[in-house]
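See below for the structure under consideration.
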Amino acid sequence: MAKRATRSLRRLPAPRRRFDVRLALRRIRQAVRPLPKAAMFALADEGHLSLYRQVVACILSVRTFDEVSLVAARRLFEAAPEPADLARLVPSAIDRLIGSVTFHRTKAGSIREIARVAAARPDRDLPCDAKALLALPGVGPKCAHLALGISCGERRITTCAGGSASRATDDTLPHP
């Protein structure tokens, strides 16, 4: 029995060729091409590009399947197209609209507060600033930086994933 265990711990032979990252990424892109886009990207393709809508969509997607959060976000944005419309709704009405997502009661209150903040701004949107987004209820680093990447063109998520569009360290944001 001990002989079997030591046999499984032996080193594998060295690969015959070096790992090609570009080839791996090309294969991954090809493999996921037929799959539906993630909810936030699907919403962006439908025209929901404002930072406010992307942050709300991201909050809905936390701990929820994209298939569920996408439908809930569409339902919410149809019922309350502008931040002021959503801010006027009571949390129970928001809860009914997003009831299919996980933690919907907590998210309803957070989303309403985010709508109030956006509605109070002159441009009726949230600022393209990570610190400002992180100060909002229910918004963590993932939602803040993903929404910033989609709506404001920031590349923070790429940096967190270990890659960078730029080779210069000054061009990327440091990890929190």
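The values are calculated or read from the model by the stated rules, or taken from the named source; none is laboratory data. Nothing here was measured: the structure is a model prediction, and the numbers come from that model. FYI the Cβ positions are ideal-geometry reconstructions off the backbone, even for glycines, and counts take in every protein chain you see.
Brief remarks on what is shown
- Checked against (1) surrounded by 10 or more Cβ atoms within 10 Å (Cβ to Cβ); (2) in a helix (DSSP H, G or I); (3) modelled with pLDDT under 95; (4) not aromatic (Phe, Trp, Tyr), THR6 meets all criteria but (1).
- Residues that are touching a residue at least 24 places away in the same chain (Cβ under 8 Å) and over 19 Å from THR64 (Cβ atoms) within the range 90-114 comprise just one, GLU113.
- The residue of the range 75-94 that is nearest to ALA39 (Cα to Cα), among those that are crowded, with 19+ Cβ neighbours inside 10 Å and not aliphatic (A, V, I, L, M), is PHE77.
- The range 10-53, residues that are part of a loop (DSSP other than H, G, I, E, B), closer than 30 Å to PRO83 by Cα and of a type in the set (A, V, I, L, M, F, W, C): ALA38, LEU49
- Matching option when the condition is surrounded by fewer than 15 Cβ atoms within 10 Å (Cβ to Cβ), among the aliphatic types (A, V, I, L, M) and either more than 24 Å from ALA144 (Cβ to Cβ) or under 21 Å from the mean Cα position of the chain (by Cα) (or both), among ILE98, ILE59, ILE28: ILE28
- Of the residues making up the range 130-158, those that are touching a His at 6+ places or on another chain (Cβ under 8 Å) and either modelled with pLDDT of 95 or more or not in a loop (DSSP other than H, G, I, E, B) (or both) are ALA130, ARG156, ILE157.
- Members of the range 54-91 found to be hydrophobic (A, V, I, L, M, F, W, C), farther than 19 Å from PRO141 by Cβ and part of a helix (DSSP H, G or I), listed by number: VAL68, LEU70, VAL71, ALA72, ALA73, LEU76, PHE77, ALA79, ALA84, LEU86, ALA87
- For the range 93-129, filtering for residues that are in a helix (DSSP H, G or I) and in contact with a Ser or Thr (Cβ under 8 Å, 6 or more places away or on another chain) leaves 1.
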